[in-house]
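The next block holds one structure in the form of structure tokens; read it before the comments.
The values are calculated or read from the model by the stated rules, or taken from the named source; none is laboratory data. On a predicted model such as this, the values are computed, not experimentally measured, just so you know. Here the Cβ is made from the backbone with ideal geometry for all residues, glycine too, and neighbour counts use every protein chain on show. Protein only, heavy atoms only, side chains kept; ligands, DNA and RNA dropped before computing areas. Shrake-Rupley method; radii C 1.70, N 1.55, O 1.52, S 1.80 Å.
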Amino acid sequence: MKFVFYILATWTMTSGLLAVTMRNMMHCAAALIAFFAGIAGIFFSLHADFLGAVQVIVYVGAIAVLILFAIMLTRNLTGQEGVSPFSGGAAWGWAASLAVFCAMYYSLQDHPRCAVIPEASPSLAVDEIGRLLMTRYAVPFEVISLLLTAALVGAVVLALDEPKNKPGLPK
Amino acid sequence: MPTLADYLTLAAILFCIGLAGALTRRNAIIVLVGIEMMLNAANINLVAFWHFLPPATGTGQIFALFAIAIAGAEAAVGLALVIAVYRHFRSVSVEDIAGLKG
Amino acid sequence: MWKLEQLHIFHKYRVEICRQRAQCFAQLESPCGGGAFMYEFIDQFFVKIGRRILEQTQGWDPWAAAAVSLILTIVPILLVFPTIFALTTWAERKLLGRIQNRMGPNRVGPVGLFQPVADGIKTLTKEDIVPARADHFVHTLAPILTVIAAFLALTVLPMGRNMIPADLHIGVLFFFAVGSISEVAIFLAGWSSRNKYSLLGGMRAIAQMVSYEIPFVLSALTAVMIVGSLSTVKIVEAQTLGWVVEDPVVFTGFGERLWWFLERVWYHFGNHVLGWHVFQPWGFFGFMIFFIAALAELNRSPFDIPEAESEIVAGHHTEYSGFKFALFFMAEYISMMAICGLGVTLFLGGWNGPKILPSWGWFFLKIFVLMFVMIWVRGTFPRVRVDQLMGFAWKLLLPMSLLNIFAAGAWHHIPSRPLAWALTAVFLGSAYQILSVFVAGRNIQKRMYRYA
């Protein structure tokens, strides 16, 4: 089990780092797909099968495709020649994320509940998830569906063509 | 058996990689990618808590499911915004989109 | 006096014999009981061989035992499906040839049967050309990903009674998850070739597959709803009716015997055929939506816009040659089998069927029938335009599949089966009529056929 965990951890960390550091956007997207698949693997290793399958369907099948479409539609694969893909104050960003990691790692250390290993690995059947969604979590479920509908309409409105008589900023 | 701490550390590392991506890149699409990675890392936490801390009532998984749905909505709207911005400014670099008037 | 008693005993004896025989027949569930043991033997032949081999591994190192069981799962898939793939390519060319009034392949071997072998040797010995400006890594990765996705999709299909590579409790969901990987792989293939036709093909493919994914999944959802499980094994097992024959206590004469036999045949047919989901209104419409969406998911004619030869050469595999092209070709056909297999599992009763064929025989027969229909469609229909494609998906298939889910819910809650059947059939039929007028317009002209 430890072996599987280390493979998955290396896989997700490598692909995640590649996804945010590579210059070519399409390579970033490919690395991102590998990252999403690795996360699905982590869910499987935690016995959350349903969530793993949902992760693959939603992230690899939908969000990665959306990102690929956005990359193709904006036609800016590698950025301008000679300009770094990182913004001016990138060092501060790295420092900030390192600081956040140190803070989280520090708070994780020596926490008594972190060392607990459950006697039996839990499992949640799909029909149990469905029942929970329809009973205890019915209200959040409905709110989420409203949110998704609103997002759908909003995305369509945003991505619609601008009217012709209103030209964009001259570049 | 990996412990809860292992999973939480992994999630923290992935979260920080995503954060770094969101903070350091010029391209708005990669900024969105970074945000998606942070949401994924948070989901690992939720599922790990569900797996390791009894009683396993399914709350962690359902919460992660909601987080995935919200991430989907966020990606759709975010990328539509990026495309709208690109149409307007002919650029997706976050440094070029600094002007409020347009 | 003793005579009467003797008669009574004799009568009791006869009754007992009849009951035993009837029970025996009922257990065997076969109208011609004598062959039932033989049937059981043939039906479970491969399962038993597998179990026998696994029994040998008891007491081995657990890793070795796991490896043996893995090999037992993987090797049959890798043997059977590529063989069927080879035969399918031959059959498709032959059938298309007959539809178009030509001979089809007829040079290599008897009736051209060895054509796939010749093709295989040709593709394997051809030069593997990678365009100079292509992205080498992604260009190589894409065909491998599509093949992996296609083979993974096969693993959740129950190919016979007790014959399933991996019985996951999220089987149907797993199938769709794997399908979404192949979408991305096709797009990566189109992008990495650095060719405008490839890129156009990739973009077309992904737009089409994302649009048709929605009715595809929603139509499959009805079967999942009715059965109440995502496991493909449970879905197949649910597609039988629990009809039980009341056996007569005593047979008197030939007529009753014949009646009993015919009744038994009818009940057998009902149990193993009429329970298929496709014989219920929601199942029929679900299967139709599923099949049409499957054609689009597979980029097959009449939805072969992504690889339209007359417009964009060959779409996403324009720049592929040799072995990589063969991989794409194989992935296409393997996923065709997998999707047909899912359609069979969800709507056509899976391996259920009258016991004149073994269960795996029924499964593969049904797959072959569906694939034949796909080839037939390819030989018959012209390619649709992009606007027709999108309009069809969003204006007809999507609302129909949503209404179909509603109908399935109604089916589940109406207690009387005939009433539920009639109501959902009327509902779905009128919905289809109204929607098709909405999509196709009011003045559909009567088609004129002219025979050449």
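The set of residues from the range B:51-102 being under 30 Å from A:Leu133 (Cβ atoms), among the aromatic types (Phe, Trp, Tyr) and at the interface with another protein chain (Cβ under 7 Å from one of its Cβ atoms) comprises B:Phe52, B:Phe66. Pairs meeting the criteria (first residue in the range C:33-52 and surrounded by 15 or more Cβ atoms within 10 Å (Cβ to Cβ) and assigned to a helix (DSSP H, G or I), second residue among the hydrophobic types (A, V, I, L, M, F, W, C) and modelled with pLDDT under 80, beta carbons under 7 Å, at least 6 apart or on different chains) are C:Gly33/C:Cys24; C:Gly33/C:Phe25; C:Ala36/C:Leu28. Considering each residue of the range C:168-183 in turn, none proves to be more than 12 Å from every other protein chain (Cβ to nearest Cβ), touching a residue at least 60 places away in the same chain (Cβ under 8 Å) and of a type in the set (S, T, N, Q). Candidates C:Phe438, C:Phe427: the one that is open to solvent by 30 Å² or more (accessible area, probe 1.4 Å) and within 30 Å of the chain's Cα centre (by Cα) is C:Phe427. Residue-level analysis places C:Ser198 among those that are in contact with a Ser or Thr (Cβ under 9 Å, 6 or more places away or on another chain) and modelled with pLDDT of 85 or more.
Scan the range C:279-292 and give yes if some residue there is open to solvent by less than 10 Å² (accessible area, probe 1.4 Å), out of contact with any helix residue (DSSP H, G or I) (no Cβ under 6 Å at 6 or more places or on another chain) and not β-branched (Val, Ile, Thr), otherwise no. So far as the range C:279-292 goes, no, none of its residues is open to solvent by less than 10 Å² (accessible area, probe 1.4 Å), out of contact with any helix residue (DSSP H, G or I) (no Cβ under 6 Å at 6 or more places or on another chain) and not β-branched (Val, Ile, Thr).
Output the number of residues of the range A:42-70 satisfying the condition of being touching a residue at least 12 places away in the same chain (Cβ under 8 Å), surrounded by 20 or more Cβ atoms within 10 Å (Cβ to Cβ), over 12 Å from B:Glu36 (Cα atoms) and more than 10 Å from chain C (Cβ to nearest Cβ). Number satisfying all stated conditions: 3. Per the listing B:Leu14, B:Leu32, B:Leu8, the residue uniquely more than 7 Å from chain A (Cβ to nearest Cβ) and in a helix (DSSP H, G or I) is B:Leu32.
Just one of the numbered conditions (1) outside any helix (DSSP H, G or I); (2) closer than 16 Å to C:Ala223 by Cβ is not true of C:Pro415: (2). Only one of these is in a loop (DSSP other than H, G, I, E, B), touching a strand residue (DSSP E or B) at 6+ places or on another chain (Cβ under 9 Å) and either in contact (Cβ under 8 Å) with a residue 40 or more places away in the chain or surrounded by 13 or more Cβ atoms within 10 Å (Cβ to Cβ) (or both): C:Trp362, C:Trp351. Name it. After ruling out the rest, the residue left standing is C:Trp351. Checking C:Ile144, C:Ile121 one by one, the residue that is aliphatic (A, V, I, L, M), within 14 Å of chain A (Cβ to nearest Cβ) and surrounded by fewer than 16 Cβ atoms within 10 Å (Cβ to Cβ) is C:Ile144 and no other.
A single entry from C:Arg133, C:Arg98 fulfils the requirement of being open to solvent by 20 Å² or more (accessible area, probe 1.4 Å) and outside the structural domain of C:Ala238 (by TED's automatic domain parsing): C:Arg98.
Criterion applied to C:Phe381, C:Phe406 was being surrounded by 14 or more Cβ atoms within 10 Å (Cβ to Cβ) and on the phi < 0 side of the Ramachandran plot, and the one residue passing it is C:Phe406. Residues in the range C:300-319 that are surrounded by 24 or more Cβ atoms within 10 Å (Cβ to Cβ) and not in a helix (DSSP H, G or I): C:Phe303 only.
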